[in-house]
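Below you'll find the structure I mean.
No lab work stands behind these numbers, since they all come straight from the coordinates. Bear in mind that the values here come from a model prediction, so they are computed numbers and not experimental data. Glycine also receives a Cβ, built like all others from the backbone with ideal geometry; neighbour counts cover every protein chain displayed.
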Amino acid sequence: MAKSDLTAGDRERFVRARARGTMHGRDGSAVLSARFDARGETLRLTFRGGGSMAIPRRLIPGLERTAGTDLAAPTVSPAGDALSWPALDIDVSVAGLVAHVFGTRLFASATGRMGGERRSRAKAAAAKLNGAKGGRPRKKLSA
């Protein structure tokens, strides 16, 4: 058996790095698989934690003007934290992509609209109180 050139410090760092790698592999936010659904024009991500997400192509930087056939099979990084389309020379961070999509005005508008559609006793009481005050103020017409 060959003698190892690793020092005790090297071995310790190696053990700690392996432990970090094992913990990272358990991260539920890491992408397990990705595929492009040409019919729906969406990128479908499946996460190691069991969740999934579909992101419209138009919201993904760099992919909004590419042909659907070029997007068919993105490559997932070994850590599950990045996507790559080697033929297009496009690499996307999963964390950055999710932050970009869910930080957009479109997402904020959609969540605000959903909140506005909810019915609750508190909203009904507030509407009744505003109605007693004469309702919503009229818009001023500009001349």
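In percent, what relative contact order does the chain have, based on Cα pairs under 8 Å that are 6 or more apart in sequence?
Result for the chain is 14 percent.
Which value, in nm² and rounded to one decimal, describes the direction-averaged projected area of the C-alpha convex hull of the chain? Walk me through the intermediate numbers first.
On the way: hull surface 74.5 nm².
Answer in nm², one decimal: 18.6.
What are the residues whose amide H is under 5 Å from the amide H of Ile90, where those residues sit 5 or more places off or on another chain and H is modelled from the backbone?
Amide H neighbours of Ile90: Trp85.
Assign unit charges at the C-beta atoms only (+1 for Lys and Arg, -1 for Asp and Glu), then state the dipole size of the chain relative to its Cα centre in Debye, rounded to the nearest 20.
On the way: 26 positive and 12 negative charges, 319 e Å.
Magnitude of the dipole: close to 1540 debye.
Per DSSP H run of at least 4 residues, take -39500 (n - 2.57); add these up for the chain, divide by its residues and hand me the 222 nm value, nearest 500 deg cm²/dmol. List each step's numbers first, then the result.
Working: 4 runs with 52 residues, N = 143.
Taking each H run of at least 4 residues, the total per residue is -11500 deg cm²/dmol.
Given H placed on each backbone N at 1.01 Å, which residues far from Asp81 in sequence or on other chains put an amide H within less than 5 Å of it?
Residues meeting the criterion, in which the H sits 1.01 Å from N, are Val31.
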